[in-house]
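The block underneath contains the structure these notes are about, expressed in structure tokens.
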Amino acid sequence: MKLYTNDKGEWAGTQADARKQLGKVRRTVEVPVDKANLMAFLNDNKVGAVEVQPEPKPSVEPTSELLSPQAASWVAWSLDTLKRGDTREAEAMLVKGLTIQNELTKKGD
């Protein structure tokens with residue numbers, strides 16, 4: 001069986017997928033088909049493994065002029081909800097976002 005890789009941890013199972021996902025820089029790898037050797041190959045090459053990246057810390061501490069990522073998310077969601085016409089729900093979301101921002105700002109003082 002053949003798999004295709006770009007040697008950066010990305011793999012594809014068909015030539016068509018390899019062209020789309022991996023671009024021109026790729027190589028073909030012959031993969032064993034019996035279960036024991038296939039499992040060993042997949043584990044050794046980390047095929048299908050998902051690397052979890054830690055969430056980056058904000059580089060700037062929140063201030064009254066700058067919303068924290070959490071507060072900004074609630075405020076943005078509130079705006080979308082308001083555009084749909086649900087003012088009661090939008091107001092609740094906005095209050096939630098501003099409460100988060102106020103709590104973070106108080107911790108920074």
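The values are calculated or read from the model by the stated rules, or taken from the named source; none is laboratory data. Quantities reported herein were computed from a predicted structural model and do not represent experimental measurements. Reconstructed Cβ throughout: ideal geometry from the backbone, glycine too, with neighbour counts over all protein chains shown.
Points to keep in mind about this one:
- Yes/no for residue 99 being out of contact with any Pro (no Cβ under 6 Å at 6 or more places or on another chain), part of a helix (DSSP H, G or I), crowded, with 17+ Cβ neighbours inside 10 Å and of a type outside the set (A, V, I, L, M, F, W, C): no
- So residue 58, is it within 30 Å of residue 10 (Cβ to Cβ), modelled with pLDDT under 85, surrounded by 11 or more Cβ atoms within 10 Å (Cβ to Cβ) and not hydroxyl-bearing (Ser, Thr, Tyr): yes
- Options 105, 87: the member that is more than 25 Å from the chain's Cα centre (by Cα) and modelled with pLDDT under 85: 105
- Of the residues making up segment 8-55, those that are modelled with pLDDT under 80, surrounded by 14 or more Cβ atoms within 10 Å (Cβ to Cβ) and under 23 Å from the mean Cα position of the chain (by Cα) are 45, 47.
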